[in-house]
1. With the full set of protein chains in place, find how many percent of the accessible area of the chain is carbon and sulfur; take the probe as 1.4 Å.
2. Which of the lysines could a cross-linker bridge to K3, judged by Cα under 21 Å and excluding same-chain residues fewer than eight apart?
3. What whole-number value in Å² describes the accessible area per residue of the chain for a 1.4 Å probe?
4. Give me the aspartates and glutamates in straight-line cross-link reach of K50: C-alpha distance below 18 Å, same-chain residues under 8 apart excluded.
5. Placing +1 on the Cβ of each Lys and Arg and -1 on the Cβ of each Asp and Glu in the chain, which of W31, P15, W53 has its Cα farthest towards the positive end of the resulting dipole?
6. First check a/c for the chain, with a ≥ b ≥ c the square roots of the eigenvalues of its C-alpha gyration tensor; if it is under 1.5, answer rounded, and if not, answer prolate when a/b is larger than b/c or oblate otherwise.
7. Tell me, what ³J(HN,Hα) does each residue in segment 15-20 have, in order and in whole Hz, if you take phi through Karplus 6.51 cos²θ - 1.76 cosθ + 1.60 with θ = phi - 60° and put x for Gly and Pro?
8. Working with all protein chains in place, sort W31, W53 by solvent-accessible area computed with a 1.4 Å probe, largest first.
Amino acid sequence: MPKPRHCSFCGEDFPSGTGTMYVRNDGSILWFCSSKCRKSSLNLRRDARKLPWTKYYGKEEKGKA
């Protein structure tokens with residue numbers, strides 16, 4: 001049984017076989033559940049912590065107060 005993927009932008013789980021895998025030049029892999037998440041992250045450079053529809057909304061980075 002394939003394990004569900006975790007969206008790199010919104011934090012939602014989505015089933016294997018769906019979504020988009022994006023590989024950066026440095027070799028890091030980003031998984032996106034939808035084109036909305038992919039465009040928000042890559043094209044629009046949005047911060048997931050500032051969007052209320054993401055799981056990361058309101059979360060601060062570790063090490064910063």
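1. Details: 2550 of 5110 Å².
Of all accessible area on the chain, carbon and sulfur atoms account for 50 percent.
2. The reachable lysines, counting only those whose Cα sits under 21 Å from K3, are K55.
3. On the way: 5110 Å² over 65 residues.
With all protein chains present, the chain gives 79 Å² per residue.
4. E12, E60, E61
5. After comparing all options, I get W53.
6. On the way: a/c = 1.63, a/b = 1.44, b/c = 1.13.
Prolate, since a/c reaches 1.5 and a/b exceeds b/c.
7. x, 5, x, 10, x, 10
8. Putting W31, W53 in descending order of accessible area: W53, W31.
The values are calculated or read from the model by the stated rules, or taken from the named source; none is laboratory data. This structure is a prediction, so every number in the text was calculated from the model and none was measured. Quick reminder, even Gly has a Cβ in these numbers, built from the backbone with ideal geometry, and neighbours come from all protein chains shown. Protein only, heavy atoms only, side chains kept; ligands, DNA and RNA dropped before computing areas. Shrake-Rupley method; radii C 1.70, N 1.55, O 1.52, S 1.80 Å.
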